[in-house]
1. Within segment 207-223, can you find the residues that are closer than 19 Å to Glu400 by Cβ and small (Gly, Ala, Ser)?
2. For Arg385, only one of the following conditions fails: (1) outside any helix (DSSP H, G or I); (2) modelled with pLDDT of 95 or more; (3) over 25 Å from Leu307 (Cα atoms). What is its number?
3. Does at least one position in segment 373-388 carry a residue that is buried (at least 19 other Cβ atoms within 10 Å of the Cβ), over 19 Å from the mean Cα position of the chain (by Cα) and touching a residue at least 24 places away in the same chain (Cβ under 8 Å)?
4. When only residues in segment 343-360 that are at negative phi and more than 35 Å from the chain's Cα centre (by Cα) count, which is surrounded by the fewest Cβ atoms within 10 Å (Cβ to Cβ)?
5. Could you list all residues from segment 41-64 that are assigned to a loop (DSSP other than H, G, I, E, B), out of contact with any Lys or Arg (no Cβ under 6 Å at 6 or more places or on another chain) and over 22 Å from Pro91 (Cα atoms)?
6. If you take the residues of segment 217-241 that are of a type in the set (S, T, N, Q) and at pLDDT 90 or above, which of them is least open to solvent (accessible area, probe 1.4 Å)?
7. How many residues, within segment 23-56, are open to solvent by less than 10 Å² (accessible area, probe 1.4 Å), out of contact with any Cys (no Cβ under 8 Å at 6 or more places or on another chain) and not hydrophobic (A, V, I, L, M, F, W, C)?
8. Can you find a residue in segment 219-227 that is part of a helix (DSSP H, G or I) and either within 30 Å of Leu419 (Cβ to Cβ) or basic (Lys, Arg) (or both)?
Amino acid sequence: MTREEETIVAPATPGGTGAVSIVRLSGPDAFRIAGRLTGLSPSDAPPRTLRRCPVRNGSGEIVDTGLAVFFPEPHSFTGEDVVEIHLHGNPVVVETAVRAACGAGAVPAEPGEFSRRAFHRGKMDLTQAEGLCDLIAARTEEAARSALRQMRGGIREAIVPLRERLLSLLTLQEAAIDFAEEDDTPEITCLQLKERVSEIMERLEELLRSYEAGRRFRDGATVVIAGVANVGKSRLLNRLAGEERAIVMETPGTTRDYLHADVAIGGVPVTLIDTAGLRETADPVEREGVRRSRAIVASADLVLFLLDGSRPASTGDRSAYEEIASLPHLVVLNKSDRTAAEEGSGFAGPGKRGALRLSAKTGEGIGNLVEAVAREVAPGEGAIRAQAPLTRARQRLAVERALAALSRAKVAAEEGLPLEFPAADVREAAGALAELLGEVAPDEVLDAIFRAFCVGK
């Protein structure tokens, strides 16, 4: 018996205690196995209708009272016969039910196996499966909306018409090549070929531009708070996070390692990192903290470089600024609740995105800072409302391969090369879009995608 012929089982809800837990079965024996556990069969209730039932262990002893619902194929999530058994949310009861199902012939599901079976049975394409995974893992409301659009087929809706146009174009080219001597063969001129390819490229380029927005909603951004010691970095982290994450003291060097907090800014999940003061020190522990801080600063999407606006900038401030001057950053003049003594005009590196004044202590100016950060790391209002953006490097690379092939086809048409040359390029572009949707997908690609799912999905 192959893996696809086996019936799989797994909890479909997170572990731990709660009001309700769900055990899911999928496969040819799902109904029979569920009957052993619950005493029910599909004839006892209409499809997709909850029915109250006892739940038994492998010995037939009743261990819980729950609900069962049957989903006959092909009208189920996986396209197979599926049963969901709703139990009270006790891990012991859930484990007992799963063990009883395995004793009746089921096998434990692997991570993402339910979704992978849905993919193989045509219930979703690969981009929809990725959208489902992203929806489960979304950390902000906007990220969830973006993932939902993808799960509902947003990328597919954009790609399928373009691929169909490519295949239609390829059919014309191959007919012109194979039946060049026939009088009734439809012709396609180099100008027509160039125009059609250009139209498709324009749509693909628009989709490719969506990747940065989609990636940000999915992966988030890292914003690092940097500067010399005792300029208020830890207090600013606490203010932005809305809680006391870092110890705040007047003593320089209090933060010896980096601290982080997760927040949502502009709909993007943002990891804020408070770093040790950028300075040279003889203390080995603090020196290691500074080394780590420099590594984190170098990889940040945005740096908030803090200055103490109540005193003139020091040599240490200027030296620390040199380390981040070329990176995307905002110059933040802290301690606006005191008399201003520094304007920040001497801090104007090539990566500077702006400057502002605030008080991490009182909260004055924090709203302006949040807006400034959102402008830099968030895609902008309405960025994902029109379509589902590309969210993964795999998707981006597929679109880039299609564009590269079409670019060659366009050049071939401009130079008047034989149709065999642009036809090969159009065929390659259509193949790249098929890979994007998962119509052609190596097992290692599928393994990498579905491994990221939880076991019950």
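1. As a first pass, look at segment 207-223 and keep what is closer than 19 Å to Glu400 by Cβ: 207-216, 218-219.
Within segment 207-223, Ser210, Ala213, Gly214 qualify.
2. The single condition Arg385 does not satisfy is (2).
3. yes
4. Per the criteria, the residue is Ser345.
5. Listed by number, the residues that qualify are Ser41, Pro46, Pro47, Arg48, Thr49.
6. Only one residue tops the list, namely Asn238.
7. Total meeting the criteria: 2.
8. No.
The values are calculated or read from the model by the stated rules, or taken from the named source; none is laboratory data. Quick caveat, the model's predicted, so the values are computed rather than measured. So basically every Cβ, Gly included, is an ideal-geometry build from the backbone, and we count neighbours across all protein chains shown. Please note that ligands, DNA and RNA were not included when accessible areas were found on the heavy atoms of the full protein model with its side chains. Shrake-Rupley method; radii C 1.70, N 1.55, O 1.52, S 1.80 Å.
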